[in-house]
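Notes for the one structure printed next.
The values are calculated or read from the model by the stated rules, or taken from the named source; none is laboratory data. Worth saying up front: this structure is predicted, and the values here are computed from it rather than measured. Cβ sites come from the backbone with ideal geometry, for glycine too, and all protein chains shown count toward neighbours. With ligands, DNA and RNA removed, areas are computed over all heavy atoms of the protein, side chains included. Shrake-Rupley method; radii C 1.70, N 1.55, O 1.52, S 1.80 Å.
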Amino acid sequence: MESSVNSTLKVRPWTSLWVVAFVSLLIQLWICQFFSFGEQVPESIDVNPSNLWKLAYHFPPQGSFQVYNWLGIPNLPVPLNPFGLAANLPAWWFFTTYAPVIATLALLAMAAFLRELELPQPAALFGGVIYAWQGDILSFVFPGHYAYIATWPFFAIAAWGALRAQRTRHWAYALISGASCGLMVGLQPDRGSIASLLIGVLYAAPILRQPDEWLWNLRRLALCAGIALLVALAAFLALFQSYIVGVKMGGEENREQAYKLVTQYSYGPEDTLTYLVPGLLGWHSSSENGPYWGSIGRTLDWPKNPNGTRNLNLAISTTGTVSATLALMAACLLLPGRWLGPHFITEWQCFYGRVFLVCGLIALILAWGYHTPFYRPLFALPLMDKWRNPLKWLEITNFALVVLSAYGVQHLIASLDATVPEIKIVRRHLLWFAGSIVAVLGISLLSSYPLEIVLMAKLQAESYDSGAITNILGTLHVSLLVALILMVLSCILLGALWRPESLRAWILVNPLLHRLWQKMLTPDYLPLTLALGLAALSVMQLKWVTSQFITPTSLRELTESNPLLEQLQSEGNRVRVSAAPQDPFLNVLMQNQFYADNISCLDISAASRIPNDLNVFLKNFDTDRERLWFLAGVKNVVVPKDMMPKLQHDPGISTNIDHADGYTLIPTRDDTPSHALIQMHDYLAKVTFVPQAEVIPDNDELLKRLEDSVWNPRKTVLLKSSAPAPPSPSSSQVEAVFPSDQVELKTYTPQEIIIDAHSATGGYVLINDQYDPDWEVKINGIPTPLLRADYLLRAIAIPAGSSTITMRYVAHYRVAGLSLPTEAINDFSDGTMIAAWIIAGVVLWRRKGDSTS
C-alpha cells in the first residue's frame, strides 16, 4: 500500500513553495507595518528603536562597561549572528522587516526538512507555512524577543543536517547541524540549548534502529556537538559570567524561594488547550480585548485571593486549530495499533515520527514546570537553579507539533486517491475523527454560556474588574466559535476533494480562473489544493491571533524626547538619576529612552538575575535610601507627583532636596504636572579625592561601616586589604605646591576614563562606579592596581604630586579562575562558525559535482 500511494505523489518543481513563501512574506510585512514606510512599527515592550544600538554586532568584538543602570555593568560583545547584524539597520527597517524575513526563511528551512522525512511536497509546504506562522514567532514581536525569533530557521536547518547525515552518511552535514546549533545557543543560550537537545536526539536515536552502527552515529553526534560548542563558546562564557557565576535568581539565597522564581513561568496544563483553541484563556496580560487569565506567571504558592499577583503572560505558543488537529491525527497513526485504520507512513517516517512524538510530549510535561512533580529532579541538577521559565521547553514541543501536523496532511493526501485499497475504511475513520473534534468544539462552545456564572465568580475572586471579565468571556466564546468554524470548513474542504467531479462542473466566467480551477482539481494537483486550502485556513486564524499581539505604534512617539529627558540628558552620565520603576511611564523611559539619551540611572525596570555583590550592597541601604543615593552620586530623582509628599516628609531626604520641578509627561486634568524632578543638594561626584583609607577585612563589618553616620566617604575610603604603594612621582611632579587636593575628570566613556589629580601628600581617587577587574589602570604611564573600595566601588592610590590616571576597559571572560580576552574568544567562535559553513558548502558542492560527472 505504501508504494502504491507514494507513486501517485509525483515530485514536482517547488514553484508553489516559492510563491507561498513570497505571499507569506508580503502578508507578514503588512502586519509588521513595513508598508507604512517609516511611520509605524510593531510595538514591543522589551526592545524598541530607542535601545536597538546595544544589540548590534560590532567588529572587532570588544566589550564595554555601561553605566545606564545600577552602578554600572559589563556589556560583553555580541556574537556574530543575523540578529546582531540586522540590528545595525535603521530602526524602522529592522522592526518592520526582521520578523517577516526570519519567518520566511523558517518556512523554507522547515519545508526542506520535511522533504528529508520523505513527506510529499504538499505536506512539506503546509508544515513550512505553520512553522512560519506559529505563535512562537509573530506573537513574540510583542515582548521583543527578536533574538529568539531568529533561532527557528536554524532549528530546522540543524534537524535537516541530522537527517541528511544519517541518510547520506556524510560528515559535512554534521558541520551544518553543529554550526546551526551553535548559532541558536549564541542567539538565546537557554532556548538554543533546549533546541540543540532535540538535534542530539536525532543523531543518537538511529542507534536504536541499527545498534551495530552505534560508533558511526556517535561520531557524527560528537562532531555536531563539538562544532556547536566551539561556535557557542563565547556565548557560553558570557552566560556563565553574567547569569550564573556570582548571580542569584532574584537575589534570593533560599533555594525553595529560588525554585518558586525559576518555575514562576510554568506552562499551565490548561494552557495546552490553546494549541487547539487559540484565545481560550485570553491573549496576554496587557490585552484590553481579552486579558490572559491562565496560570502562567504565578508562583508555586500563588495566593488565590484578590491580593495575589494574578499572572504575567506576554506571548502565546500555538500552531492553530487545523495544525493541532492534524498533529493529534498523526499521534494516533504513530501509536501501536490502527486507531485510524490503515496508514501510509514509511518505516523511516514512522521511526522519526515516534521520536518527535515522544520528545514533544516529554518537553510539554517539563514545560508544565511546578504543576507536575517531574520538574523537581530537573531543578536539582547543577546550574538548573539559574535556568528560568519551564515554558521554554515548548521549543521542542512546537517543532514536534509542526512535524506531526505535516504527517497528518500526508495521511489526508493519501485519502484523496480513490484507487487505493481500503480507502473507504480510511475515509470512514477520518470522518469519525474529524467529527469527534467538531463535536467536542461544538459542545464546548454551547457549554461555555451556562458556565459563565462559574467563570465570573472565579475571575471576580482574582480581582478582575467587570469590563475585563466581559472581554474575557467574549474572547472565550469567539475563540471556540472560530475553532469550530475552521474545523467545519476543513471537513468540507476534505469532503469536497474526495469527490472533485461536482466541483469540476463549476464554470467560472473568467477563462484564466476557470483553467486554474480545473487544473487544481486534476488528480495530480488535488494534494496541493488540499494543502493550500488547509494552510489558508490556518493562516487566517494565526493572522487573527497575531493581531492580538502586534499593535501599530508611531515610530516618532517611541523615539521622541520630552522636557524631562532633555533636562536629564543635559546632566550627562557623570551623575545618576533614581527613578521609580513601579510607574509605567518611567518604566518605559528606563527601558528605552534612558539608554538612547545616555542617561545614567541607579534603578532598573526589571531584573530576574542580580549579581550577589550588587544585591548585598543595595539591600544594605533598604532603610537608608538617602545614603545609597549619596554614595551612588544620585543628583536627580524622578517620581510620579503623588510620591513627592512622601519624599518631602522623609527627614533623611528632605534636608538634601535643593529644589523640585514639575513635568506633564502624561495627560492630567488641567494639565497639572504628572511627575516631579527633584534635585539633590549634596551627592558624591563621579570622581572624588579621598585623603585616607581604612582597612576592614570582614565584609559584614565593612557593610556596617557604610551605614555608620560617623563615616565620611569624602575623608576615608574603606578597603578590604592594604593598598600597595603608588608609583613614586618624579622630582618635577612634586615641585609644585598645591593649596588643595584636586581631581578633574577629563574623559569618561564606556571604554576609557582619564583623570588628572594633584595632591600634596598623596591619597586615593574614588570612582562611584561598580568595581570591575577588567579596568586596566596606569598612573603617569605606569601600571597600578585598581582597588575595590567601599565594598563595591573603585579606588586608585595616587602619590603626592601631579598624576594622570588612565583607565582602559579590556573585557575578559572570567570563568573557573581563567581570564580569557573577549575579543580573541569571540573571533575564534565566529571564525569557527564561518569555517564550518564554508567547509561544508565546498565539500558538498564538490561531492555533487563528482556525482553528476
Helix 151-168 axis, angle to the chain major axis (alpha carbon atoms, nearest 10°): 50
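I'd like to know how segment 778-853 sits against the 2.2 N^0.38 Å rule of thumb: what's its Cα Rg over that expected value?
Values: Rg = 24.2 Å, N = 76, 2.2 N^0.38 = 11.4 Å.
In units of the 2.2 N^0.38 Å rule of thumb, it is 2.12.
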Computing the accessible area with a 1.4 Å probe over protein heavy atoms, can you report the carbon and sulfur percentage for the chain? 62
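Could you work out the equivalent-ellipsoid semi-axes for the chain, taking the square root of 5 times each eigenvalue of the Cα gyration tensor, largest first, in whole Å?
Numbers: eigenvalues 645, 204, 111 Å².
Computed over the chain, the values are 57, 32, 24 Å.
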In terms of modelled amide H atoms, which long-range or inter-chain residues lie less than 5 Å from the amide H of GLN66? ILE73, ASN75
Can you pull the three principal axis extents for the Cα set of segment 160-273, in Å, largest first? 50, 37, 23
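Per-residue counts of other Cβ atoms within 10 Å, averaged by peptide: what ranking do you get for 788-797, 559-568, 748-757, 353-362, highest first? Numbers along the way, then the final one.
Numbers: 788-797: 23.1, 559-568: 15.7, 748-757: 17.5, 353-362: 19.5.
Taking the mean over residues of other Cβ atoms within 10 Å, the ranking is 788-797, 353-362, 748-757, 559-568.
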Mind checking Rg over Rh on segment 437-594, alpha carbons, Kirkwood formula for Rh? 1.23
Tell me which lysines have Cα within less than 20 Å of LYS392's Cα, excluding those fewer than 8 residues away on the same chain? LYS248, LYS260
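Under the √(5λ) rule applied to the eigenvalues of the Cα gyration tensor, what semi-axes describe the equivalent ellipsoid of segment 524-571? Give them in Å, descending.
Values: eigenvalues 488, 19, 8 Å².
Here the semi-axes work out to 49, 10, 6 Å.
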Could you work out how far apart the two model spin labels at LYS54 and SER722 are, taking each label as a point 7 Å from the Cα in the direction of the beta carbon, and quote it in nm? 4.2
Long-range amide H partners of GLY801, meaning residues 5 or more apart or on another chain whose placed amide H is closer than 5 Å, are SER759, ALA760, THR761, GLY762
How do ASP658, ASP622, ASP271 rank by accessible surface area computed with a 1.4 Å probe, from largest to smallest? ASP622, ASP658, ASP271
Amide H to amide H under 5 Å from ALA693: which residues, 5+ apart in sequence or cross-chain, H placed 1.01 Å off N in plane? VAL717
Where only protein heavy atoms count, and the probe is 1.4 Å, what is the accessible area per residue for segment 199-251 in Å²? 45
Cα Rg over Rh - segment 627-693, Kirkwood: 1.11
Can you work out the Karplus-derived ³J(HN,Hα) for every residue in segment 323-338? Use 6.51 cos²θ - 1.76 cosθ + 1.60 with θ = phi - 60°, whole Hz, and x for glycine or proline. 5, 5, 5, 5, 5, 4, 4, 5, 4, 5, 5, 7, 6, x, x, 10
Given 37 °C and 0.692 mPa s, how large is the Stokes-Einstein diffusion coefficient of segment 374-479 in µm²/s, with Rh as the Kirkwood radius over Cα pairs? 175
Quote to one decimal, in nm, the extra length available between PHE37 and ARG574 on full extension: 0.36 nm per residue of separation minus the C-alpha distance between them. 189.5 nm
If every alpha-carbon in segment 70-168 counts as one equal scatterer, what log10 I(q)/I(0) does Debye give at q = 0.17 1/Å? -0.81
For LYS746, counting only aspartates and glutamates whose alpha-carbon sits under 12 Å away and dropping same-chain residues fewer than eight positions off, the answer is ASP756
Packing-based ranking, highest mean first, of 93-99, 255-261 given that Cβ atoms within 10 Å are counted: 93-99, 255-261
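To the nearest whole percent, what portion of all C-alpha pairs in segment 32-127 is separated by more than 21 angstrom?
Details: 2380 of 4560 pairs.
When every Cα pair of segment 32-127 is considered, 52 percent fall beyond 21 Å.
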Quick one: if the Förster radius is 30 Å, what FRET efficiency do PHE374 and HIS170 give, using the C-beta to C-beta distance and rounding to 0.05? 0.20
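Contact order normalised by length for the chain, with contacts defined as Cα pairs under 8 Å and 6 or more residues apart; what percent is it? Each step should come with its number before you reach the end.
Values: 1502 pairs, mean separation 129.7, N = 853.
Over the chain, the number comes to 15 percent.
Report, in listed order, any pair from LYS635/LYS704; LYS386/LYS543; LYS54/LYS720; LYS635/LYS720 with a Cα-Cα distance greater than 32 Å. Can you show the working numbers first?
Numbers: LYS635/LYS704 24 Å; LYS386/LYS543 35 Å; LYS54/LYS720 34 Å; LYS635/LYS720 28 Å.
As for pairs spanning more than 32 Å Cα to Cα, those are LYS386/LYS543; LYS54/LYS720.
For LEU208 and ASP698, FRET efficiency with R0 = 51 Å and r from the beta-carbon atoms, rounded to 0.05?
Numbers: r = 58 Å, r/R0 = 1.14.
In this case the efficiency is close to 0.30.
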Limiting things to C-alpha atoms, what are the Rg and the maximum Cα-Cα separation (Dmax) for segment 575-675, in angstroms? 14.3, 46
Packing-ranked peptide list from 142-154, 277-289, highest mean Cβ count within 10 angstrom first, is 142-154, 277-289
Please give the net charge around SER578, taking every other residue with its beta carbon less than 11 angstrom from that of SER578, where Lys and Arg add +1 and Asp and Glu add -1. +1
In degrees rounded to 10, the 0-90 angle between helix 214-231 Cα long axis and the longest Cα principal axis of the chain is 40
At 7 Å along Cα-to-Cβ for each site, give me the label-to-label distance between LEU431 and ARG219 in nm. 5.5
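Compute the length gained on full extension between GLU462 and ILE657: take 0.36 nm times their separation in residues and subtract their Cα-Cα distance, giving the result in nm to one decimal. It would help to have the intermediate numbers written out before the result.
On the way: separation 195, 0.36 × 195 = 70.20 nm, distance 4.10 nm.
Length gained, GLU462 through ILE657: 66.1 nm.
At 222 nm, what helix-only mean residue ellipticity would the chain give, in deg cm²/dmol to the nearest 500, using -39500 (n - 2.57) for each DSSP H run of four or more? Don't jump to the answer; show the numbers that get you there.
Details: 35 runs with 423 residues, N = 853.
Only helices count here, giving -15500 deg cm²/dmol.
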Once all protein chains are kept in place, LYS619 shows an accessible area at probe 1.4 Å, nearest 10 Å², of 100
Anchor LYS458: aspartates and glutamates whose Cα lies under 18 Å away (excluding residues fewer than 8 positions away in-chain): GLU270, ASP271, ASP301
